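Since the structure comes first, as structure tokens, the remarks are kept for the end.
Each value in this text was obtained by applying a stated rule to the coordinates, not by laboratory testing. Keep in mind that what you see is a predicted model, and the values were worked out from it rather than measured. All Cβ positions, even for glycine, are placed from backbone atoms using ideal geometry, and neighbour counts span all protein chains on display.
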């Protein structure tokens, strides 16, 4: 028995090496003769994913899985990996789900988990080994009432971007409270730096400030606020704190904010025009191409002086789900677990440049990802608030108006309450 | 019988165009009236008939009426500015002895690119070039918040829209100017009319029909203004430069995605434009006949 185990491990190792080197995998039938005497069970697994840009990486990973199954379980799995183009993905998936031809495993956006769960298309994975590996707050983004309904693949954490070199030169540390942020702003100004990059031409950019401050305030102090807003039983008056950082940022930012688009804002930030930029880590592409030597960092935007409110935003997009009607349920679950495998998962996530989201992901990510992930690992992250899109849009519009001073804080509160109420109708 | 036959063959010729017009223009317009009375969101298979409640809501929608007010302001300014400039250009270029074709082409060119692209080009000018001139050449009068200050944003929009529209109007005016009999001009000259008198009392009355067409066109396109504002200010800051068409667009495709309500709004816009253009055409035609 021991001999068999050692042998199969060797086979597995050799196979995974072969797979990694991108060569064609040797015919599995050969290895069965080496690995075991009884003939393997033949099975098929259908997987559909919405990320064709990572086709190569997943192809390799699937081959590794096939080899592992053959070696460890003596199952000859044939995995059919499909990746329709992402603009057609949802309609293809919908058609297959309703047509009774559901793939055994498929990806979906975590925003749709509730809908798919209601339709009975998701398997509860809470009892699987993978559940304990995912960081708690990431797990929350793909869970409903404690039931883990998918394996998160692409997860993003973001807060305020800052220039580490400027911070070091000015001798300041990242802030934990609003008072810290005020101090930093003063010190930076004294040293001749502009504290904040403002790029408000596109309404979604100022909106990021409300996203972060509301997220922090609500998650840290009034967790029932969103529910009450949906029940017409709350007000923006309760979260007026959000103007603490917003006023500070607007008063200490670059000029001509309304004439600055998001891309040129990112480029100017990369050139060192300002020390901080309220913008997600998705801007890192533009920033790093503009200035490849940029030392980019991320910190959580403080809302007030309560450290519990200083949180980064954490959201998950692509999630891998197991369909409850999967013919080979045990294999489907094995694959789901293999995605967060102790040995191989880190390589996969790194190859796809996904952010680390589980304990097994011990690779060295980019500096800004590492910063944001550190907040997540410490539990200092909030799950994206689910607000009506009319409300999010309005926040962006009103912040532009607030910046050009055509409305006051009171107007903001009043109008936001109205918009939320009319969205509830 | 003969009459009928002639009519029938005429009908036969226009039928294909009529069918296309009916299916793609008339049907959507009429069915839009019906959707304006539902709460359809554009995606759902089911919707509820809600009667006139959407129209009642439109009456109370202050954002909508703000945008209507803005559109009126835009249309009034545009009708004057574009027509005066277009006519001026047409007269000047008509009187050139050389390079007529060159200038005609130059001024017509903006018309040949989409205003969305034109808007983005001007966005670059307003947000980068202007500030470069202000900072490096000392042209401080350019150092204005061209997108952020509602007052200057309006000027910016007018500048870009005029840039895009004058070429087209200019061509119409030039064609009309060429139609003015040379004998009339010569007669006026012999009678001792100065150039201004020549233009105002002889040429202008002769090109009134072109003025009607151009004013009608600017009115009509002005009320539907969307692309320039969308690419230049996005209706911002906030809603300060939001035209009615943008307000309708946002209602239908952004936020709460209320298709039915947005259709109700566009029906109201249609009614407003209809009334105004009828008045305008009546008034101008009277003038034309008098002349």
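The table below lists the values:
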| read-out | value |
| --- | --- |
| Over region B:54-290, equivalent-ellipsoid semi-axes from the Cα gyration tensor in Å | 36, 26, 14 |
| Spin-label pair residue A:118/residue A:82, simplified geometry with 7 Å Cα→Cβ offset, distance in nm | 2.6 |
| Interatomic Cα distance distribution for region A:181-327, bins of 10 angstrom, percent | 10, 34, 32, 16, 6, 2, 0 |
| Rounded FRET efficiency, nearest 0.05, which uses the C-beta distance separating residue A:59 from residue A:101 and R0 of 22 Å | 0.45 |
| Proxy reagent accessibility, fewest Cβ within 10 Å first, across B:201, B:97, A:109, A:361 | B:97, B:201, A:109, A:361 |
| Theoretical FRET efficiency, 1/(1+(r/R0)^6), r = Cβ-Cβ of residue A:231 and residue B:132, R0 51 Å, to 0.05 | 0.45 |
| Estimated FRET transfer efficiency (residue B:72, residue B:254; beta-carbon r; R0 35 Å; 0.05) | 0.90 |
| Relative exposure of A:200, B:168, B:120, judged by other C-beta atoms within 10 Å (fewest first) | B:120, B:168, A:200 |
| Distance in nm between pseudo-label sites at residue A:330 and residue B:20 (7 Å out along the Cβ direction from Cα) | 6.5 |
| DSSP-defined beta bridges in chain A - what % are antiparallel, rounded to 5 | 55 |
| Spin-label pair residue B:84/residue B:60, simplified geometry with 7 Å Cα→Cβ offset, distance in nm | 4.2 |
| Gap separating the Cα centres of region A:320-393 and region A:226-252, nearest whole Å | 30 |
| Region B:93-156 versus region B:249-291: alpha-carbon centroid distance in Å | 29 |
| Virtual paramagnetic centre 7 Å along Cα→Cβ of residue B:155, amide N under 19 Å, in region B:68-97 | B:73-82, B:85 |
| Approximate shape of region A:280-425 as ellipsoid semi-axes (Cα gyration tensor, √5λ), whole Å, largest first | 37, 24, 15 |
| Gaussian network model of chain B, springs between alpha carbon atoms under 10 Å - residue of B:220, B:95, B:111 with greatest fluctuation | B:95 |
| Whole-Å semi-axes of the ellipsoid equivalent to the protein assembly as shown (Cα gyration tensor, √5λ, descending) | 59, 34, 27 |
| Kirkwood Rh in Å, taken over all unlike Cα pairs in chain A | 23.7 |
| Counting DSSP beta bridges with both ends in the protein assembly as shown, the antiparallel % (nearest 5) | 60 |
| Rg over Rh, two decimals, region B:90-164 (C-alpha only, Kirkwood Rh) | 1.08 |
